[in-house]
Amino acid sequence: MYKVNENYLKIQGNYLFSTIAKKVQEFSEQNPDKEVIRLGIGDVTQPLAPVLVNALQEAVQEMASADTFHGYAPDLGYEFLRSEIAKNDYQSRGCQISAEEIFVSDGAKCDCGNIQEIFSTDNKIAVCDPVYPVYVDTNVMAGRTGKYDAVIQGYEGVIYMPCMAENDFVPELPKEVPDMIYLCYPNNPTGAVITKEQLQEWVDYAQKVGAVILYDAAYEAYIASDEIPHSIYECEGAKSCAIEFHSFSKNAGFTGVRLGYTVVPKELKCGGVSLHDLWARRHGTKYNGAPYIVQKAGAAVYTKEGKAQIKNQISYYMENASMILEGLKQAGYQVYGGVNAPYIWLKTPGRMSSWEFFDELLKNANVVGTPGSGFGPHGEGYFRLTAFGTHENTKKALERIARM
């Protein structure tokens, strides 16, 4: 008789956002007259920029003609998109990343979860706490994390790096040496950022101990401060120890369109083995490429019109972030993030747990957020709100919260 992969059974609880969705659905069914405002998940609300819509429409028309029809995409993605990414996201910032080191995909979430497949299962991972659940859960599925320990509320084989208000939600270098280090800045869920000097310390550390950094830069478009790096490759030596993930979801509103990319430098090697070649093998074996029409829209992001229109959308969401940040402060909450990131991280009032505050907020304000404990033990007592709602709903949500 066949057997299931028991590693999946080791994951503690349901996926965070699935649990939230079920709770909200139950509340809405029981209270059909209540208008629920969702500021929980990082899903955008503004429509695609006009230049992107035009690019999609033109690409669809190309697919209608035999002369311009496109089938399977190249393994790494179309060169016209990879060249624009290399030029605009890296070379313009002094990072020597070439188009051949960029792998186009259907989103950063998939790549962040799948990248662990090219590493041995006896590698030890280090993650921030709180952390985006995908980093941990995919390693649990792979059998890399050991048993769950209810006392520490974590897995025996994982190095957890506490991110607290005391360290500005930037972890200290771990005392136990990891093989794989997951970092995400601007951070999800805390909205914290890391300076170039701080990030350089991580690069130097990884080089010293022989670790690889898996750097999630999905929110770099929201960085406004000059001292905050947009890419880990702005740090000296990073090409020899880091892989970077990017998404078009949050900068260009592609959550429903799906597009992202991963950078694996050719000089990144482990024992003489090229990680670029390993990821190319995995990518080509298990993936048939993002659709041509989507990649054409992705290339439009880097046009003059695209940059201007997307900048306006990012400003729209950051106005929401500022509104939430200042509104919560005025209401007496202790708040973090919301400056170079679209997430606001607040301390729950009194001794209320994260889930207790979730229930209270849903019941009394009809507002949905994300319990901090769902991101890890050090997220307990905190709560995440996103800036991706509309201005009208964001303002309305804050008014309701202030009345609580």
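The values are calculated or read from the model by the stated rules, or taken from the named source; none is laboratory data. Keep in mind that this is a model prediction, so the values were computed, not measured. With ideal geometry, Cβ positions are generated from the backbone for all residues, glycine too; neighbour counts draw on all protein chains shown. Surface accessibility is based on the protein's heavy atoms, side chains included, excluding ligands, DNA and RNA. Shrake-Rupley method; radii C 1.70, N 1.55, O 1.52, S 1.80 Å.
Conditions tested, residue by residue: (1) open to solvent by 80 Å² or more (accessible area, probe 1.4 Å); (2) of a type in the set (Phe, Trp, Tyr); (3) at pLDDT below 95; (4) within 26 Å of residue 311 (Cβ to Cβ).
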| residue | (1), (2), (3), (4) |
| --- | --- |
| 4 | yes, no, yes, no |
| 7 | no, no, yes, no |
| 16 | no, no, yes, no |
| 27 | no, yes, no, no |
| 51 | no, no, no, yes |
| 63 | no, no, no, no |
| 68 | no, no, no, no |
| 93 | yes, no, no, yes |
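Taking segment 77-119, which residues are over 25 Å from residue 291 (Cβ atoms) and touching a residue at least 12 places away in the same chain (Cβ under 8 Å)?
Taking segment 77-119 as the starting set, the residues that turn out to be over 25 Å from residue 291 (Cβ atoms) are 91-96, 116, 119.
Matches in segment 77-119: 93, 94, 95, 96, 116, 119.
Only residues that are over 19 Å from residue 387 (Cα atoms) and either of a type in the set (Val, Ile, Thr) or surrounded by 22 or more Cβ atoms within 10 Å (Cβ to Cβ) (or both): list them for segment 220-238, please. Spell out the reasoning first.
Start the filter on segment 220-238 by keeping residues that are over 19 Å from residue 387 (Cα atoms), which leaves 226-238.
Hits for segment 220-238 are 228, 229, 232, 233, 235, 238.
If I go through segment 279-302 residue by residue, how many of them are aromatic (Phe, Trp, Tyr) and assigned to a helix (DSSP H, G or I)? I'd like the intermediate steps shown before the answer.
First, the residues of segment 279-302 that are aromatic (Phe, Trp, Tyr): 279, 287, 292, 302.
Still in the running and assigned to a helix (DSSP H, G or I): 279, 292.
Result for segment 279-302: 2.
Is it the case, given these coordinates, that residue 305 is modelled with pLDDT of 95 or more, closer than 23 Å to residue 224 by Cβ and not hydrophobic (A, V, I, L, M, F, W, C)? Outline the logic, then answer.
Numbers: modelled with pLDDT of 95 or more: yes; closer than 23 Å to residue 224 by Cβ: yes; not hydrophobic (A, V, I, L, M, F, W, C): yes.
Answer is yes for this residue.
At least 2 residues that are more than 24 Å from residue 89 (Cα to Cα) and touching a residue at least 24 places away in the same chain (Cβ under 8 Å) in each: list the strands (runs of 3 or more DSSP E) lying fully within segment 154-254 that qualify. Talk me through it step by step, then tell me what you get.
Values: elements: 158-162, 180-184, 212-216, 242-247.
By residue number, 158-162.
Give the residue, chosen from 184, 112, that is surrounded by 22 or more Cβ atoms within 10 Å (Cβ to Cβ) and within 18 Å of residue 377 (Cα to Cα).
Numbers: 112 fails: within 18 Å of residue 377 (Cα to Cα).
Residue meeting the stated conditions: 184.
Go through (1) touching a residue at least 60 places away in the same chain (Cβ under 8 Å); (2) surrounded by fewer than 18 Cβ atoms within 10 Å (Cβ to Cβ); (3) not charged (D, E, K, R) for residue 317 and report which single condition fails.
The single condition residue 317 does not satisfy is (2).
Given the condition in contact with a strand residue (DSSP E or B) (Cβ under 7 Å, 6 or more places away or on another chain) and part of a helix (DSSP H, G or I), answer yes or no: does some residue in segment 127-138 qualify?
Within segment 127-138, one or more residues are in contact with a strand residue (DSSP E or B) (Cβ under 7 Å, 6 or more places away or on another chain) and part of a helix (DSSP H, G or I).
Return the residue satisfying two criteria in turn: it lies in segment 326-373 and is part of a loop (DSSP other than H, G, I, E, B) and among the polar types (S, T, N, Q), and of such residues it is surrounded by the fewest Cβ atoms within 10 Å (Cβ to Cβ).
Kept after step one, since they are part of a loop (DSSP other than H, G, I, E, B), are these residues of segment 326-373: 331-334, 338-342, 348-353, 366, 369.
Checking the rest, the ones that are also among the polar types (S, T, N, Q) come to 334, 340, 348, 353, 366.
Numbers: 334: 13, 340: 22, 348: 23, 353: 15, 366: 18.
This residue is 334.
Given the criterion β-branched (Val, Ile, Thr) and over 27 Å from residue 269 (Cβ atoms), identify the matching residue among 136, 158, 193.
Just one listed residue meets the conditions, 193.
On the given criteria, is residue 291 over 20 Å from the mean Cα position of the chain (by Cα), surrounded by fewer than 19 Cβ atoms within 10 Å (Cβ to Cβ) and in contact (Cβ under 8 Å) with a residue 12 or more places away in the chain? Reasoning before the result, please.
On the way: over 20 Å from the mean Cα position of the chain (by Cα): yes; surrounded by fewer than 19 Cβ atoms within 10 Å (Cβ to Cβ): yes; in contact (Cβ under 8 Å) with a residue 12 or more places away in the chain: yes.
It is true that residue 291 is over 20 Å from the mean Cα position of the chain (by Cα), surrounded by fewer than 19 Cβ atoms within 10 Å (Cβ to Cβ) and in contact (Cβ under 8 Å) with a residue 12 or more places away in the chain.
Out of curiosity, is residue 404 at pLDDT below 95, touching a helix residue (DSSP H, G or I) at 6+ places or on another chain (Cβ under 6 Å) and open to solvent by 20 Å² or more (accessible area, probe 1.4 Å)? So that I can check it myself, show each step before the final result.
Numbers: at pLDDT below 95: yes; touching a helix residue (DSSP H, G or I) at 6+ places or on another chain (Cβ under 6 Å): yes; open to solvent by 20 Å² or more (accessible area, probe 1.4 Å): yes.
Considered against the rule, which asks whether it is at pLDDT below 95, touching a helix residue (DSSP H, G or I) at 6+ places or on another chain (Cβ under 6 Å) and open to solvent by 20 Å² or more (accessible area, probe 1.4 Å), residue 404 comes out as yes.
Are there any pairs with C-beta distances below 7 angstrom linking a residue in segment 11-27 that is closer than 17 Å to residue 372 by Cα and of a type in the set (S, T, N, Q) to a residue that is at pLDDT 90 or above and surrounded by 13 or more Cβ atoms within 10 Å (Cβ to Cβ), with the two at least 6 apart or on different chains, and if so which?
12/148
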